[in-house]
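S.K.: This is the structure, below, for whatever I ask next.
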Amino acid sequence: MPAFSLDPSQTAWCAELRDLAAERLRPLADKGEPGHVNRPLVAELGRLGLLERLFTSGAFDLCLMRESLAHACTEAETALALQGLGAHPVHAHGTRAQRERWLPRVADGSAVAAFALSEPGAGSDAAALELRAEDDGAGEGEGGAEGEGEGGAEGEGEGESPAAEPDGPARWRLTGEKCWISNAPEADFYTVFARTTPGAGARGVTAFLVPADRPGLTGTALDMLSPHPIGSLTFDAVPVTADDVLGEPDRGFRVAMGTLNLFRPSVGAFAVGMAQAALDATLAHTAERDAFGGKLRDLQAVAHQVAEMALRTEAARLMVYAAATAYDEKAPDVPGRSAMAKLLATETAQYVVDSAVQLHGARALRHGHLLEHLYREVRAPRIYEGASEVQRGIIAKELYATMEAGQ
């Protein structure tokens, strides 16, 4: 039981989520193919009403949801999180037409979303994006008007349906690449960040809602350590209009950072859920395993290691909850708190899972063992949505800015 004071309804909800994940989501996850979108799993998340909560809950509830799902089924947790990451910019910045077209389908699990920010040469340095949004010369008006939203195909580049032109003349053509994009190339639409003003850094980036069946958009799956789908995208003069803009032209960096400030603490919650699962497995194993005339737990070195694992897990949990609470209360220090939570929790989860593997010995390295699965899953969160080094940079920047402001 966390030291943070959850009310009885929150505690009961978390327990219900863990049960649902084990009983209804885990079997679907086991039937999925690693590296590909598990649409039956996404659809079940929709039927359970969990995807809808991405748009009706605050950051704290999102963290409770991700932590609880991760404890029993990391695949379900990740599928839910990727829906939220890809669709949150539409929820927060989309036009009414964009929201009405896509959000109900995201919520019921019939459309898969993706967040396309990273590029081969611009991963951690998001302001260095090179995907070009070149003016097509069609002369449309500024800003995002009422947006269309053509239904995306199962995945681009597979020849499953004819490419869909946007309604009305294109204003820009997207040319370039995106890489390390979760749910690519099988998503139905992408939140894409492209450079509309060359040489302007973060101030010259625009966010677009790009359905997967736009002509010129193709993708390739990447074979990664993590089992969830990740791919690259190629944009060959992909047409987009003013109706596809999310927010305002040249202000897409705000869309990206606002999304990441919300989801970074919940990445930490995902990590805490994995750490807790590893800790629980270790407690059971060390209490039962015979060693040197007693149980493994009787060895002081083992007991102290387990205590350290628990200490770090609880500290990370509290940091995540604090950051989520700050976000929900619109506190001014959200970027720094989000970075701290993501950094501490993901680094902690790596430590706890690695320690659990060590205490379990060779059995934890067998394919199919819980810890073998967690060991593969736990590494990526230290990199995506801002590597640990980037989080340290954000924390330092926020600290100095606060000092200089005299607060």
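The values are calculated or read from the model by the stated rules, or taken from the named source; none is laboratory data. Because the structure is predicted, anything quoted here is derived from the model rather than measured. Please note: Cβ atoms are built from the backbone with ideal geometry, for glycine as well, and neighbour counts cover all protein chains shown.
S.K.: Answer yes or no: is there a residue in region 336-355 that is over 28 Å from ASP280 (Cα atoms) and part of a helix (DSSP H, G or I). Step through it out loud before you land on a result.
M.R.: Restricting attention to region 336-355, the residues satisfying the condition of being over 28 Å from ASP280 (Cα atoms) are 336.
From the residues that got through so far, the ones that are part of a helix (DSSP H, G or I) too are 336.
Checked region 336-355: at least one residue is over 28 Å from ASP280 (Cα atoms) and part of a helix (DSSP H, G or I).
S.K.: Sticking with this one: Assess whether GLU308 counts as being under 24 Å from THR282 (Cβ atoms) and crowded, with 16+ Cβ neighbours inside 10 Å.
M.R.: no
Condition check ((1) within 15 Å of the chain's Cα centre (by Cα); (2) more than 20 Å from ASN261 (Cβ to Cβ); (3) hydroxyl-bearing (Ser, Thr, Tyr)) across all residues:
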residue	(1), (2), (3)
GLY49	no, yes, no
MET65	yes, no, no
THR74	yes, yes, yes
ALA81	yes, no, no
GLY84	yes, no, no
ALA87	yes, no, no
GLY94	no, no, no
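S.K.: Any residue in region 393-405 that is under 21 Å from ILE181 (Cβ atoms) and at pLDDT below 95? Lay out the reasoning, then the answer.
M.R.: First, pick out the residues of region 393-405 that are under 21 Å from ILE181 (Cβ atoms): none.
No, there is no match, as no residue in region 393-405 is under 21 Å from ILE181 (Cβ atoms) and at pLDDT below 95.
S.K.: Okay, moving on. Filtering region 95-134 down to residues that are farther than 27 Å from ARG39 by Cβ and among the small types (Gly, Ala, Ser), which residue is surrounded by the most Cβ atoms within 10 Å (Cβ to Cβ)?
M.R.: Looking at the filtered set, the residue picked out is ALA133.
S.K.: Search region 11-53 for residues being over 20 Å from GLY273 (Cα atoms) and among the small types (Gly, Ala, Ser), and hand back the single one that is modelled with the lowest pLDDT.
M.R.: GLY35
S.K.: Against the definition (β-branched (Val, Ile, Thr), part of a helix (DSSP H, G or I) and surrounded by fewer than 18 Cβ atoms within 10 Å (Cβ to Cβ)), how does THR325 come out, yes or no? Please lay out each step first, then the result.
M.R.: Working: β-branched (Val, Ile, Thr): yes; part of a helix (DSSP H, G or I): yes; surrounded by fewer than 18 Cβ atoms within 10 Å (Cβ to Cβ): yes.
Judged against the criteria, THR325 is a match.
S.K.: To continue, here is another question. Of the residues in region 349-404, how many are over 24 Å from the mean Cα position of the chain (by Cα), within 29 Å of ASP125 (Cα to Cα) and in contact (Cβ under 8 Å) with a residue 40 or more places away in the chain?
M.R.: Summing the residues that are over 24 Å from the mean Cα position of the chain (by Cα), within 29 Å of ASP125 (Cα to Cα) and in contact (Cβ under 8 Å) with a residue 40 or more places away in the chain in region 349-404 gives 2.
S.K.: While we're here: Name the residue, out of LEU222, LEU283, that is of a type in the set (A, V, I, L, M, F, W, C), surrounded by fewer than 23 Cβ atoms within 10 Å (Cβ to Cβ), in contact (Cβ under 8 Å) with a residue 12 or more places away in the chain and not assigned by TED's automatic domain parsing to the domain that holds GLY176.
M.R.: Values: LEU222 fails: not assigned by TED's automatic domain parsing to the domain that holds GLY176.
That would be LEU283, the only listed residue that is of a type in the set (A, V, I, L, M, F, W, C), surrounded by fewer than 23 Cβ atoms within 10 Å (Cβ to Cβ), in contact (Cβ under 8 Å) with a residue 12 or more places away in the chain and not assigned by TED's automatic domain parsing to the domain that holds GLY176.
S.K.: Let me ask something additional. I'm trying to understand the selection: among the residues of region 235-278, which are surrounded by fewer than 24 Cβ atoms within 10 Å (Cβ to Cβ) and free of Cβ contacts under 8 Å to residues at least 60 places away in the same chain?
M.R.: Within region 235-278, ASP250, ARG251, ARG254 meet the criteria.
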